[in-house]
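The structure appears right after this line, and notes come after that.
Bear in mind these aren't lab numbers, they're just calculated from the coordinates by the rules spelled out. The model shown is predicted, which means the values in this text are computed figures rather than measured ones.
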Amino acid sequence: RRHTRCADVTGVQTCALPISFFLSEKTGKAFYGRRIFVHFGIQGFLQQSRKLGFETFSNICNESYDDIEDDVDRWQGALNAVLDIMQQDPEYVVQQCYDITEHNFHHLIKLKTLARQRQLEMIQECR
């Protein structure tokens, strides 16, 4: 599997109102593809992701950019996180992030299954 042997970093973004939180298909692809990601988007995205049960990569980069209110400064912080990751040994990054990317993949599948079950329940309630 390519994704378990490389240390590519995916930058994901979500265009949304600054007060909203939305897991886009780009973020879903990062979870589903077992990718390391740095988020270029709204303030608090990583915090909200963790509240949903996903894990982030504070073990390999400084994620304090997620707390920055100003968009440009936050995105610069995210870029700095990417640059910091790129300076690390790729094998070390993969090793440090393997459990996180596996967790995120399986958690996404779990949430998808729960959502599908809830949809079926709602359909049954309408009958």
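Amide H to amide H distances under 5 Å link Val38 with Thr10, Gly11, Val12, where only residues 5 or more positions off or on other chains count and H is placed in the peptide plane. What the phi angles of region 94-100 give under the Karplus curve with 6.51, -1.76 and 1.60, with θ = phi - 60°, is a coupling list of 4, 4, 5, 9, 4, 4, 5 Hz, glycine and proline written as x.
Which shape class, rounded, prolate or oblate, goes with region 25-99 when its Cα gyration tensor gives a ≥ b ≥ c as root eigenvalues, a/c under 1.5 marks rounded, and past that a/b bigger than b/c marks prolate?
Since a/c reaches 1.5 but b/c is at least a/b, the shape of region 25-99 is classed as oblate.
The overall shape of region 27-69, judged from the alpha-carbon gyration tensor, is prolate: a/c is not under 1.5, and a/b is greater than b/c.
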